[in-house]
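To keep things clear, I will list the structure first and then write my remarks on it.
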Amino acid sequence: MQKWGMVIDLDRCAGCQTCTVACRTENNVPFCGDGNAWKGRAIFWNKVITVRIESHGSQREGEPSASPGTNNHAGPRLRFLPMPCMHCERPPCVLVCPVRATTKSVDGIVMQVPSRCIGCRLCQASCPYSRRYFNWQEVDYPGTLKEAVNPDVSIRTLGVIEKCTLCVHRLQKAREQARDENREIREDEYVPACVEACPAKARTFGDLNNPDHAVAKLARSPRAFRLLEELGTFPQVSYLHESTWKSESRKSVGAEDEEEIDG
Amino acid sequence: MGDRDISVYLRPLLRTTWKAYALLAVALAGACWYFYGAFIYQFFHGHRVTGQGTHGAMWGTIVANIVQLIGVSHVGIAISATVRILQLKRYQQLARIAEFVTLVSLTAAVCNIAGDVGRPDRFLYNVVMHGNFTAPFVWSATVITNYLVGSCVYLYLAMRRDIYLCSRVLTRRRWLYRALALGYSDTPEERENLERTVWWCAVIILPIMVSVHSVYGWVFGLQPGRPGWFNPFQAPYFVLGAIVTGFSGVVAVVAIIRRIYRWEQFFPNRLFKGLGVFLGFVTLLYLYFLFSEVLTGLYASPEAERGVFHDLLFGRFSWIAWTATVGGMIVPFWVLFVQGANPKIQSMKIVVVGAVPIFFAMWGWRYLITVPSFFHPHIPYKLAEYSPTLFDWSLVLATYCFAIFFYTALVKLLPILELPEHFVPARPVRPPRIRLATMRGLGFFKRATISFTLASGIGLIAYGIHSRFDVLTPAPAIWISGIVCLWTIPLQVCLIPGFPSRRHMLAHRARQEPALLRPPRPLVTAVGLAERSSSPAIESWVDRHQRAHRGIRRRARMRVWA
């Protein structure tokens with residue numbers, strides 16, 4: 001059985017937000033409407049946040065700098081951190097969900113069933129990565145966006161939680177195709193929208209259980225790290241970065257100037 | 001002494017002034033705002049009407065209020081059960097007032113939970129039918145159901161004799177009390193049976209009460225994802241907090257009731273002093289817990305954890321934290337301490353002045369447990385400030401309106417003081433005459449139903465837990481029905497007549513052999529007269545003999561009034 005995972009190369013990420021837009025269109029992520037974004041209610045299944053790294057020249061020896069623009073200069077540098085759901089191997093959200101609306105599928109995807117969800121927001125509170133979003137208001141697709149709704153993904157209602165599903169509808173399609181043709185599913189058949197859209201090829205997606213696959217190799221690379229590993233959630237999304245990721249060195253920037261996308 | 005006059009005890013039921021109607025009307029308006037205004041508005045427009053947000057406070061005032069109300073509910077049954085088990089006669093009249101507080105605040109808390117979840121239409125059904133064994137929310141649904149059903153059974157059984165007396169004494173709403181008494185006729189057997197059952201209920205309900213608030217501690221304490229919550233200490237901390245909150249709430253309620261109904265003889269100042277001493281002690285203990293938690297959070301804890309506690313003490317929440325701690329705990333503690341340490345002071349007012357700030361301070365700390373953790377997430381998101389909207393506050397206020405309405409209605413409908421044993425109605429209900437053979441049959445029937453209920457209750461709970469991982473089985477529904485099943489046992493014990501008692505047998509024999517009715521066999525005489533006696537002298541004589549013979553001395557001791 002596969003274990004779907006993703007590797008995101010932070011040195012390649014340019015912060016262009018294409019993944020965010022691709023995710024929104026693919027998954028019918030609703031717009032939060034006027035006056036809600038500044039209250040922290042905008043929904044982003046995939047969100048690129050800006051992070052300041054205090055560089056202490058901690059580039060590892062013997063490893064070439066992955067992105068040519070980075071030097072070992074002292075002082076802070078800005079990094080973009082794309083945040084999909086981490087699809088943890090031991091997800092706290094699945095433990096606390098009172099109605100089994102969120103489950104860990106056999107191939108490693110943390111699923112969300114909005115029609116089961118009661119909106120208690122316990123999963124949201126328990127997610128250390130804050131990767132779950134609550135529908136604080138009625139779904140709104142302004143203007144012509146109503147016609148651009150993807151029929152493969154159901155629209156969530158008021159008062160339920162939604163989150164990144166690694167575009168599981170694509171997996172279902174690919175799986176059915178493979179079943180029709182009486183074969184195993186091919187690696188390149190199923191790719192989430194954000195991976196497909198990334199212009200910098202910063203994201204690699206595939207089966208972590210297949211040791212020959214690029215994603216498994218990258219996840220084992222010395223540059224790889226996972227967010228908040230100390231919490232023991234074992235995320236299936238890893239990041240690549242040339243310097244170590246120090247918890248004390250990260251600090252949010254642009255709490256004032258970061259632009260939110262809202263309707 | 002007023003305790004010779006039953007009308008003193010039943011004051012709330014006998015007379016209702018326009019003030020009570022006005023209070024009921026205002027409180028009902030508030031309750032209607034909760035259910036028909038706020039709740040429905042939020043249901044159709046979403047939680048955007050509150051001040052909450054995903055990146056920011058995802059839980060707010062209403063969650064703080066849920067924890068507060070669950071805390072208040074904690075203490076009612078605690079007081080009542082402790083009074084019963086330890087036979088604290090001085091506090092006995094406190095019991096039912098406190099039980100009503102439990103019932104009311106637990107109901108209000110469940111209403112608040114329904115107001116907090118995003119989909120109240122699915123909430124109960126999904127939790128019960130698709131519940132996840134590992135979720136603290138499901139545990140809470142289980143223990144709250146258990147507690148609510150258990151406290152209702154306990155409250156009813158403890159009140160049954162008084163309801164019966166009401167049905168004989170009062171002229172208004174007699175049908176209600178007659179229906180509620182469910183065939184109670186106050187024979188010595190029935191009374192003894194009732195006492196014993198209620199005592200066992202009290203023993204069983206105490207650990208359940210601890211479980212309820214522990215689960216609320218675990219809702220927060222089991223989350224490593226939020227700094228400031230993950231803490232093994234959380235469950236006992238919440239239980240202690242519940243005791244502090246509940247005691248301060250009960251003190252306020254008792255003071256109001258004493259003031260309105262002029263019941264100084266039942267709730268004398270020294271009773272308040274005792275409550276005040278205990279409240280001061282638990283407040284001090286809470287301060288100690290708080291200090292220990294804050295010290296751990298600030299000393300050399302992980303960065304995010306330190307951020308939360310720094311924010312709490314010196315940051316944006318500091319004004320709530322310091323006001324609550326100093327103005328709502330330290331100062332009231334000293335007020336209560338000064339009274340407790342000084343044998344000359346015995347005052348209700350001082351205790352109330354101490355208790356009310358403690359109640360509000362605890363509310364503040366509930367808020368501080370819930371909200372600040374959201375402002376220090378592990379990942380540096382842009383966060384939105386949380387300022388509770390008018391809507392948030394109106395939900396909280398309306399909840400208390402609902403609680404006041406419910407409480408006033410209970411006070412006006414049910415006897416809130418325990419009627420002492422020496423009140424015997426002039427025309428008691430004659431117990432039904434059942435033939436000896438029928439009695440024997442009923443005895444077997446009673447044993448059979450109780451054993452069957454016990455077996456099926458335990459079986460349902462076991463099966464529910466056994467099938468907890470089966471997606472197709474509604475496991476929580478199964479174990480909750482098992483629990484409810486078990487709670488019918490005390491009712492069965494009290495409601496189904498059992499085997500014929502010795503008194504019955506003797507009476508039967510007396511009917512066969514009238515010679516037995518002569519005074520040398522006082523017990524039999526007693527029985528013959530007890531049911532339709534008119535002379536108080538004979539009655540007391542009968543009583544004495546019955547007690548001596550039937551071992552009701554323990555109960556008799558408990559029923560002595562100061």
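The values are calculated or read from the model by the stated rules, or taken from the named source; none is laboratory data. Bear in mind that the values here come from a model prediction, so they are computed numbers and not experimental data. So basically every Cβ, Gly included, is an ideal-geometry build from the backbone, and we count neighbours across all protein chains shown.
Some values worked out for this structure:
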item: Failed criterion for residue B:174 (all others in (1) over 23 Å from the mean Cα position of the chain (by Cα); (2) surrounded by fewer than 22 Cβ atoms within 10 Å (Cβ to Cβ); (3) closer than 30 Å to residue B:59 by Cα hold); result: (3)
item: Filter pass, residue B:456 being small (Gly, Ala, Ser) and without any contact (Cβ under 8 Å) to a residue 12 or more places away in the chain; result: no
item: Selection count where residues are surrounded by fewer than 21 Cβ atoms within 10 Å (Cβ to Cβ), at the interface with another protein chain (Cβ under 8 Å from one of its Cβ atoms) and closer than 14 Å to residue B:67 by Cα, scope segment B:218-232; result: 0
item: Long-range neighbours under 7 Å by Cβ, at least six apart or interchain, first residue under 27 Å from residue B:359 (Cα atoms) within segment B:286-309, second among the aromatic types (Phe, Trp, Tyr) and at pLDDT below 90; result: B:293/B:233
item: Sole residue being among the aliphatic types (A, V, I, L, M), closer than 21 Å to residue B:238 by Cα, surrounded by 14 or more Cβ atoms within 10 Å (Cβ to Cβ) and touching a Pro at 6+ places or on another chain (Cβ under 6 Å), chosen from B:294, B:308; result: B:308
item: Test: residue B:199 is touching a residue at least 60 places away in the same chain (Cβ under 8 Å) and either within 14 Å of chain A (Cβ to nearest Cβ) or surrounded by 20 or more Cβ atoms within 10 Å (Cβ to Cβ) (or both); result: no
item: Where residue B:204 falls short, out of the listed (1) more than 14 Å from chain A (Cβ to nearest Cβ); (2) farther than 19 Å from residue B:288 by Cα; (3) part of a helix (DSSP H, G or I); (4) in contact with a Lys or Arg (Cβ under 9 Å, 6 or more places away or on another chain); result: (4)
item: Enumeration of residues in segment B:138-178 that are within 14 Å of chain A (Cβ to nearest Cβ) and of a type in the set (Val, Ile, Thr); result: B:138, B:142, B:143, B:144, B:145
item: Members of segment A:93-111 that are within 17 Å of residue B:468 (Cα to Cα), touching a residue at least 12 places away in the same chain (Cβ under 8 Å) and not in a loop (DSSP other than H, G, I, E, B); result: A:94, A:95, A:96, A:102, A:104
item: Given (1) within 30 Å of residue A:131 (Cα to Cα); (2) touching a helix residue (DSSP H, G or I) at 6+ places or on another chain (Cβ under 9 Å), index of the condition residue B:408 fails; result: (1)
item: Of residues in segment A:28-54 being within 9 Å of chain B (Cβ to nearest Cβ) and charged (D, E, K, R), the one surrounded by the fewest Cβ atoms within 10 Å (Cβ to Cβ); result: A:52
item: Index of the failed condition, residue B:369 passing every other in (1) within 30 Å of residue B:310 (Cβ to Cβ); (2) touching a residue at least 12 places away in the same chain (Cβ under 8 Å); (3) within 14 Å of chain A (Cβ to nearest Cβ); (4) in contact with a Ser or Thr (Cβ under 9 Å, 6 or more places away or on another chain); result: (4)
item: Residues of segment B:29-63 satisfying the condition of being in a helix (DSSP H, G or I) and either within 14 Å of chain A (Cβ to nearest Cβ) or touching a His at 6+ places or on another chain (Cβ under 6 Å) (or both); result: B:39, B:40, B:41, B:42, B:43, B:44, B:45, B:47, B:48, B:49, B:62, B:63
item: Unmet requirement for residue B:245, which otherwise passes all of (1) at pLDDT below 90; (2) crowded, with 23+ Cβ neighbours inside 10 Å; (3) under 28 Å from the mean Cα position of the chain (by Cα); (4) not aromatic (Phe, Trp, Tyr); result: (1)
item: Any hit, segment B:51-62, residues being without any contact (Cβ under 8 Å) to a residue 12 or more places away in the chain and out of contact with any Asp or Glu (no Cβ under 7 Å at 6 or more places or on another chain); result: yes
item: Hits in segment B:128-137 (condition: over 21 Å from the mean Cα position of the chain (by Cα) and facing chain A (nearest Cβ under 7 Å)); result: B:130, B:131, B:132, B:134, B:135, B:136
item: The one condition in (1) more than 9 Å from every other protein chain (Cβ to nearest Cβ); (2) over 18 Å from the mean Cα position of the chain (by Cα); (3) not charged (D, E, K, R) that residue A:122 fails to fulfil; result: (1)
item: Unique match (being touching an Asp or Glu at 6+ places or on another chain (Cβ under 7 Å), closer than 22 Å to residue A:192 by Cβ, more than 9 Å from every other protein chain (Cβ to nearest Cβ) and among the charged types (D, E, K, R)) among A:156, A:170; result: A:156
item: Top-ranked residue of segment A:128-147 - restricted to ones that are over 22 Å from the mean Cα position of the chain (by Cα) and not in a loop (DSSP other than H, G, I, E, B), ranked as nearest to the other protein chains (Cβ to nearest Cβ); result: A:140
item: Single residue of A:217, A:201 found to be free of Cβ contacts under 8 Å to residues at least 40 places away in the same chain and outside any strand (DSSP E or B); result: A:217
item: Some residue of segment A:77-98 being within 9 Å of another protein chain (Cβ to nearest Cβ), among the charged types (D, E, K, R) and over 21 Å from residue B:57 (Cβ atoms); result: no
item: Lone unmet requirement of (1) within 14 Å of another protein chain (Cβ to nearest Cβ); (2) surrounded by 17 or more Cβ atoms within 10 Å (Cβ to Cβ) for residue B:415; result: (1)
item: Some residue of segment A:1-15 being out of contact with any helix residue (DSSP H, G or I) (no Cβ under 8 Å at 6 or more places or on another chain), among the polar types (S, T, N, Q) and either at pLDDT 95 or above or more than 24 Å from residue A:145 (Cβ to Cβ) (or both); result: yes
item: Enumeration of residues in segment B:115-153 that are assigned to a helix (DSSP H, G or I), touching a residue at least 24 places away in the same chain (Cβ under 8 Å), under 15 Å from residue A:99 (Cα atoms) and of a type outside the set (Ser, Thr, Tyr); result: B:120, B:121, B:127, B:128, B:129, B:136, B:137, B:138, B:139, B:141
item: Unique residue being more than 14 Å from chain A (Cβ to nearest Cβ), more than 24 Å from the chain's Cα centre (by Cα) and under 30 Å from residue B:55 (Cα atoms) when the list is B:436, B:390; result: B:390
